[in-house]
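Below is the structure I would like to discuss, written out as structure tokens.
The values are calculated or read from the model by the stated rules, or taken from the named source; none is laboratory data. Since the structure is predicted, the reported quantities are computational estimates derived from the model, not experimental observations. Neighbour counts run over all protein chains shown; Cβ positions are idealised from the backbone, glycine included. For accessibility, only protein heavy atoms count, side chains too; no ligands or nucleic acids. Shrake-Rupley method; radii C 1.70, N 1.55, O 1.52, S 1.80 Å.
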Amino acid sequence: VHVKRRSRWKIPLLRDSHVFQLLYTAQRNMRRALKPTIKARSLYQPFYSPQTNTIVEQVMSLIGAMVRLSQRHGARFVVVMLPERGQVSAASKATYGELDFDKPQRLFAEFFTQQNIAYLDLLPILRAAADNTALYFQYDSHFSVEGNRLTGREIAKYLVASGFLSAPPLKAPQVTGRP
């Protein structure tokens, strides 16, 4: 069986340096300790744990602070809710029927509405398109080329329709030589 070795063990200078190994391990442990331990599935539970509730409240508080900061500087603020791949996938719903994949969007949409914060929820749009095209890469949760194209188009439509931006030109301007 072939075991994949991490770079820290492949490179002799790093592998043999006790100082490097100590610093690497300390940095990794600190990053893990500071990172919230919320799992994606925690977001779809019918009832949130106290830890998940605390994190959701922190996120809402941070968004509120961003809105106030934007307003102080005369900028408009809008939130785009990008769904996680499992929320869009019909297979996820079939496999994990007990989970509520719409819960995060419902919860935040209610918050945004109460706080008068503009938002775009891409979940229904991506779900509708997911049957016809692969919107995410197969082995990770990033958008594919088509997923990026669709989300970019939908965000632009929303920004124009909501008055955040004026409509783009119908034809891209031609680039000429330098003046």
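What number of residues in the range 67-103 are surrounded by 14 or more Cβ atoms within 10 Å (Cβ to Cβ) and among the aliphatic types (A, V, I, L, M)?
So the count comes out to 8.
Here is a follow-up. Please enumerate the residues belonging to the range 126-150 that are polar (S, T, N, Q) and modelled with pLDDT under 90. Show your work before the answer.
Step one: list which residues in the range 126-150 are polar (S, T, N, Q), which gives 132-133, 138, 141, 144, 148.
Answer for the range 126-150, where residues must be polar (S, T, N, Q) and modelled with pLDDT under 90: N132, T133, Q138, S141.
Now, a different point. Counting only residues that are among the aliphatic types (A, V, I, L, M), touching a Lys or Arg at 6+ places or on another chain (Cβ under 9 Å) and modelled with pLDDT under 95, how many does the range 89-125 have?
2
Yes or no, residue by residue, for (1) modelled with pLDDT of 80 or more; (2) open to solvent by less than 100 Å² (accessible area, probe 1.4 Å):
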residue: K4; (1), (2): no, no
residue: I11; (1), (2): no, yes
residue: A33; (1), (2): no, yes
residue: K39; (1), (2): no, no
residue: E57; (1), (2): yes, no
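Among all residue pairs at least 6 apart or on different chains, which show Cβ distances below 6 Å where the first residue, located in the range 115-135, is open to solvent by 20 Å² or more (accessible area, probe 1.4 Å) and the second is assigned to a helix (DSSP H, G or I) and acidic (D, E)?
Final answer for the pair search is I125/E154; T133/E146.
Among the residues of the range 98-118, which ones are among the basic types (K, R) and more than 14 Å from M60 (Cβ to Cβ)? Can you show your working first?
Just the residues of the range 98-118 that are among the basic types (K, R), to begin with: 103, 106.
Residue satisfying the conditions is K103 alone.
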